[in-house]
Every structure is written in structure tokens, then in C-alpha cells.
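A.B. asks: After the C-alpha cells below, expect a handful of questions from me.
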Amino acid sequence: HPALKKLAFLEFDALLKTYSNEKDAKLREAKFSALCFAAVPCALLGQTFDDEGKLLDDGLSFIKDPAVRKAVSAEIGFIGACEGPGVNAITGGKIDYSHFRVRGHYTHTPLLGCYFRAMIWYGTVTFPLDARPVEGAVVADTFRSAGIMASWDSVNGVIERLVGRSDDLGPRE
């Protein structure tokens with residue numbers, strides 16, 4: 001959880017900086033979507049709960065831009081509902097939100113559930129290369145920022161040791 005949270009916030013902070021400084025309207029729009037994409041796992045990993053598992057903080061307080069907050073809040077709602085197939089408003093891709101239903105040992109604590117949902121986000125939500133290549137390139141390019149690729153390697157290395165190399169494109173590809 002701490003390593004994934006570090007990665008998520010490094011990515012978000014880097015994207016926020018590039019989004020805030022972008023003057024070109026088309027690139028700014030692509031960077032907005034990339035920023036929203038990066039904010040979702042930050043929000044999931046920032047949620048806090050009481051001893052009974054009741055949600056105390058939705059994890060959205062770090063988002064200052066109202067448009068980003070609105071988009072991310074909507075996604076968090078869809079993820080929490082786990083209601084099945086839909087279209088992701090941030091990426092435009094089809095997604096089965098039922099995959100976010102926490103299961104297995106991840107049900108033991110809210111912290112594990114947050115980790116599970118953030119990993120599902122990273123593992124299933126993408127910018128389709130045929131429809132949103134600029135957004136995908138913006139996200140991938142962000143990993144060249146200081147510390148982000150090393151943080152990715154830390155998280156991904158554990159996954160590779162447990163289940164093997166991914167056959168999907170990652171930030172290096």
C-alpha cells in the first residue's frame with residue numbers, strides 16, 4: 001500500500017505540474033484526462049476508515065481543481081457501486097466495474113480493499129491507443145520524471161515475482 005500510494009502521488013504531482021503549465025488547448029485537454037486518470041488511485045489509496053470499516057474520508061481532499069474533483073468523484077462512485085459494464089468517463093474505454101468488488105484476502109481490512117481497487121484501476125483502465133493515443137503517451141511520458149519509474153519498478157517487481165511478467169503494455173513500452 002505505501003509503495004503504490006507513493007507511485008500514485010508521484011504520478012499525480014508530475015501530471016498536475018505539466019497540466020497547469022500547458023498552453024495548447026488540445027494538449028491541455030489530453031493532460032486533463034491523464035491527470036484525472038492519475039487522481040483516481042490517489043483517491044482510492046487516500047481513503048480512511050474507522051475501526052468498524054466505516055468511511056471517514058473519501059480521499060478527494062488533495063484535488064483542488066473542481067473539474068478534476070468532479071470527474072474523479074464520479075469514477076470513485078462507479079468503482080464503489082461495482083455495478084458491471086459501463087463507459088469510463090475519463091478514458092472513454094469500456095470497463096466492467098464489477099471487477100472492483102473487493103474479494104479474497106483483500107476483504108480483511110479496508111486498507112487492503114483500497115489497495116485492491118487501486119491495483120484493479122492500474123491493471124484494467126487504459127487510454128485506448130486507437131482512440132486516445134495522446135493521453136496514453138502523456139501518462140507514459142510522465143514516468144520519465146524523477147523517481148516515478150523507480151517507484152513503478154518497486155511495485156511492479158513484487159507483482160512479477162508473484163505472478164510473472166505482464167503481457168500488457170506498461171510505461172516502459
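The values are calculated or read from the model by the stated rules, or taken from the named source; none is laboratory data. Computed from a prediction, not measured in an experiment: that's the story for all the values here. SASA here: full protein model, heavy atoms, side chains in, ligands and nucleic acids out. Shrake-Rupley method; radii C 1.70, N 1.55, O 1.52, S 1.80 Å.
A.B. asks: Leaving out ligands, DNA and RNA, and with a 1.4 Å probe, what % of the accessible surface on the chain is carbon or sulfur?
C.D. replies: Carbon and sulfur together cover 56 percent of it.
A.B. asks: Here's another thing I want to ask about it. Go from 0 up to the bin containing the longest alpha carbon distance in segment 37-138, width 10 Å each, and give me the % of pairs per bin.
C.D. replies: That works out to 15, 47, 31, 6, 0, in percent per bin.
A.B. asks: Let me ask you something else. Using Cα springs under 10 Å in a Gaussian network model of the chain, which residue among LYS54, LYS17, LYS70 shows the largest mean-square fluctuation?
C.D. replies: LYS54
A.B. asks: Normalising by the residue count of segment 92-173, find the relative contact order in percent from Cα pairs under 8 Å and 6+ residues apart.
C.D. replies: Once divided by the residue count of segment 92-173, the mean separation gives 23 percent.
A.B. asks: Here's a follow-up. Can you check how the C-alpha radius of gyration of segment 1-76 compares to 2.2 N^0.38 Å, as a plain ratio?
C.D. replies: 1.17
A.B. asks: Between their Cα atoms, which of LYS6/LYS26; LYS17/LYS94; LYS26/LYS64; LYS70/LYS94; LYS23/LYS64 are more than 24 Å away from each other?
C.D. replies: Long pairs (Cα-Cα over 24 Å): LYS6/LYS26; LYS17/LYS94.
A.B. asks: Averaged per residue, what accessible area in Å² does the chain show with a 1.4 Å probe, protein chains only?
C.D. replies: I get 56 Å² per residue for this part.
A.B. asks: Bins of 10 Å, beginning at zero and ending with the bin holding the largest distance: percent of Cα pairs per bin for the chain, please.
C.D. replies: In whole percents, the pair-distance histogram is 10, 39, 39, 11, 1.
A.B. asks: Follow-up. Long-range amide H contacts for PHE49: which residues qualify at under 5 Å (H placed 1.01 Å from N, peptide plane, sequence gap of 5 or more or a different chain)?
C.D. replies: LEU56
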